[in-house]
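Read the structure below first, then the notes.
The values are calculated or read from the model by the stated rules, or taken from the named source; none is laboratory data. Worth saying up front: this structure is predicted, and the values here are computed from it rather than measured. Using ideal geometry, Cβ is built from the backbone for each residue, glycine included, and neighbour counts are taken over all protein chains shown. To get the accessible areas, we keep the full protein, side chains included, count just its heavy atoms, and leave off ligands, DNA and RNA. Shrake-Rupley method; radii C 1.70, N 1.55, O 1.52, S 1.80 Å.
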Amino acid sequence: MKPLVAPSLLSANFANLQADMDMLNRSDCDWLHLDIMDGVFVPNISFGFPVLKYVAQLTRKPLDVHLMIVRPEKFIAEVKALGAYTMNVHYEACVHLHRVVQQIREAGMKAGVTLNPSTPVEMLTDIIEDVDLVMLMSVNPGFGGQKFIPRTLDRVERLRKLIDESGSRALIEIDGGVNRETGRRLVDAGADVLVAGSAVFKAADPVAEIRALKDL
Ligand code: DX5
Ligand code: ZN
């Protein structure tokens with residue numbers, strides 16, 4: 001199965017977002033991945049809704065929103081107002097994850113749950129049938145351009161088994177350090193969606209790089 005590819009805006013040129021949005025609109029990418037940080041859940045701050053409102057107007061791609069913030073349920077209405085396709089919340093940031101997942105679905109979005117590298121995939125056993133997407137962080141969240149954590153491959157295989165055995169239809173998305181080489185191994189392990197920030201935006205030809213990731 002060919003993966004879906006979701007370039008991450010975090011590595012774009014914020015002084016000329018229009019150019020990067022035009023490039024992505026021309027490309028074969030499937031989703032646009034948006035990383036929202038609060039400086040509390042992760043040691044960095046990225047961009048917020050006032051910026052994303054304009055990004056949403058410039059893109060033709062479905063928005064894949066990744067909230068690296070505490071209490072993400074406070075922002076379900078704002079994410080919905082962007083026109084988001086998916087809303088990904090961190091397992092580690094939600095005390096009442098089941099309720100948050102229900103609220104995201106009730107708002108009409110796909111509910112994604114994201115796991116930090118140290119959270120076992122088995123923690124999702126009792127909610128796997130209720131989620132549309134599981135995103136595994138293959139770096140510690142907060143920054144683009146970090147090195148892929150190889151242990152992720154084993155995590156993808158275990159998550160694939162958990163999903164298939166439960167009858168869940170959740171997609172497996174991977175975020176962090178994805179390039180052609182790690183992407184190939186992730187797809188072989190059972191990943192469905194690849195997020196790629198620096199691999200796309202630092203490439204000499206980003207449109208060709210997106211094509212190459214989709215053709216893995
Ligand atoms: C990191 C973000 C990622 C980041 C990935 O916390 O969640 O989406 O943009 O960047 P790369 O692909 O450069 O590792
Ligand atoms: Zn992300």
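Condition (residue is open to solvent by 50 Å² or more (accessible area, probe 1.4 Å), basic (Lys, Arg) and under 22 Å from residue 208 (Cβ atoms)) applied to the range 61-73: is it met by at least one residue? Within the range 61-73, none of the residues are open to solvent by 50 Å² or more (accessible area, probe 1.4 Å), basic (Lys, Arg) and under 22 Å from residue 208 (Cβ atoms). Counting only strands (runs of 3 or more DSSP E) that fall entirely inside the range 83-167 and contain at least 2 residues that are over 16 Å from residue 192 (Cα atoms), the qualifying elements are 86-90.
Scanning the range 82-116 for residues that are open to solvent by 10 Å² or more (accessible area, probe 1.4 Å) and within 19 Å of residue 40 (Cβ to Cβ) turns up 91, 92, 93, 94, 95, 96, 97, 116. Condition check for residue 74 on (1) among the charged types (D, E, K, R); (2) over 23 Å from residue 179 (Cβ atoms); (3) part of a strand (DSSP E or B): one failure, at (3).
I'd like to verify a number: residues in the range 1-33 that are touching a Ser or Thr at 6+ places or on another chain (Cβ under 8 Å) and of a type in the set (A, V, I, L, M, F, W, C), how many? Residues that pass the stated criteria total 5. Applying the condition of being assigned to a loop (DSSP other than H, G, I, E, B) and out of contact with any Gly (no Cβ under 9 Å at 6 or more places or on another chain) to the range 185-216 and asking which residue is most open to solvent (accessible area, probe 1.4 Å) yields 204. Step by step: first the residues of the range 138-177, then only those that are within 15 Å of residue 189 (Cα to Cα) and within 12 Å of ligand 2 (Cβ to nearest atom), then the one that is most open to solvent (accessible area, probe 1.4 Å). Which residue is that? So, considering only residues that are within 15 Å of residue 189 (Cα to Cα) and within 12 Å of ligand 2 (Cβ to nearest atom), the one most open to solvent (accessible area, probe 1.4 Å) is 175. Selection of the range 15-49 for residues being within 14 Å of ligand 1 (Cβ to nearest atom), within 21 Å of residue 133 (Cα to Cα) and of a type in the set (D, E, K, R) yields only 35. Cβ separations smaller than 8 Å between residues 6+ apart or across chains give the following pairs from the range 1-25 residues that are within 16 Å of ligand 2 (Cβ to nearest atom) to residues that are at pLDDT below 95 and outside any helix (DSSP H, G or I): 3/216. Given the criteria of a type in the set (D, E, K, R), part of a helix (DSSP H, G or I), open to solvent by 30 Å² or more (accessible area, probe 1.4 Å) and modelled with pLDDT of 95 or more, does residue 22 qualify? Yes: the conditions hold for residue 22. Candidates in the range 117-137 are the residues that are within 16 Å of ligand 2 (Cβ to nearest atom) and under 22 Å from residue 4 (Cβ atoms); of these, the one that is farthest from the chain's Cα centre (by Cα) is 117. Looking at the range 126-136, can you tell me whether even one residue there is within 11 Å of ligand 1 (Cβ to nearest atom), open to solvent by 10 Å² or more (accessible area, probe 1.4 Å) and either over 30 Å from residue 45 (Cβ atoms) or modelled with pLDDT of 95 or more (or both)? No - not one qualifying residue is present in the range 126-136.
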